[in-house]
Amino acid sequence: MADAQNKTSGKGQARPMRLRDALRQARIEAADRTGVVVDLRDAEIARLEILNEALDPLFAEIPDGVDLFDRGLSQGDTPRLWIDVVAHVMMGRDKRVYRFVQDTRFGRIVLAESHEAAAIVDAITDYVARRLIEREHALTAAPPLPAPPAPVSVDKPRRSGFGVFVLGFIAGALALFALALFAALRNV
């Protein structure tokens, strides 16, 4: 941290550091210390929060009408930074490696893995771009809506099914009569 405060410009004057950059540097240093020594879970969450902040410019560029992505940090047994419903970032076994994974119907696949947050941001940017292109293709390839049914004409009389009913009734009665006659002649 002393290096950051003592940065000087070419003229020997101290260059002011933005508070956001200083906070980020302090989080990285705290995550490094806690990741090695004390609380691995807090280090995971801190690293995922750093990555989440690094993704802010990317998600600011996504159009407002697109609701494919639901970014958020879940703090369960395994902390995860969710990008959308099927893709998330979690920390590797050593709690220093970012692992960007996607759940598929064939299992979980690793899309990117790196110690550097910038590499994961690049992988997430590629993923978001591919998802946006898939969305565009799905919207343009939608099948045309079916034509509405033709209106029913009121002038034309509907046919009644009564004649078919009577014909079926007579055929059934004749079949039963023939069956009874056949059974009677067989017994004689």
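The values are calculated or read from the model by the stated rules, or taken from the named source; none is laboratory data. The structure displayed is predicted, hence computed values, not measured ones. Because the Cβ atoms are built from the backbone with ideal geometry, glycine has one as well, and the counts that use them run over all protein chains shown. Quick note on the areas: whole protein, heavy atoms, side chains included, nothing else; ligands and nucleic acids left out. Shrake-Rupley method; radii C 1.70, N 1.55, O 1.52, S 1.80 Å.
Brief remarks follow.
- In the stretch 78-103, residue modelled with the highest pLDDT [restricted to those that are more than 14 Å from the chain's Cα centre (by Cα), more than 16 Å from V121 (Cα to Cα) and open to solvent by 10 Å² or more (accessible area, probe 1.4 Å)]: T78
- Selection count, the stretch 58-70, where residues are out of contact with any helix residue (DSSP H, G or I) (no Cβ under 8 Å at 6 or more places or on another chain) and farther than 15 Å from D126 by Cβ: 6
- Residue within the stretch 57-66 that is closer than 23 Å to D32 by Cβ and of a type outside the set (V, I, T) present: no
- Those residues of the stretch 18-45 which are among the aliphatic types (A, V, I, L, M) and at pLDDT 70 or above, in sequence order: L19, A22, L23, A26, I28, A30, A31, L40, A43, I45
- Filtered by the rule that a residue be open to solvent by 30 Å² or more (accessible area, probe 1.4 Å) and under 20 Å from the mean Cα position of the chain (by Cα), the stretch 44-56 gives N52, D56.
- When the stretch 109-138 is filtered for residues that are over 20 Å from E53 (Cβ atoms) and either of a type in the set (G, A, S) or loosely packed, with under 14 Cβ neighbours inside 10 Å (or both), the ones remaining, listed by number, are I109, V110, A129, R130, I133, E134, R135, E136, H137, A138.
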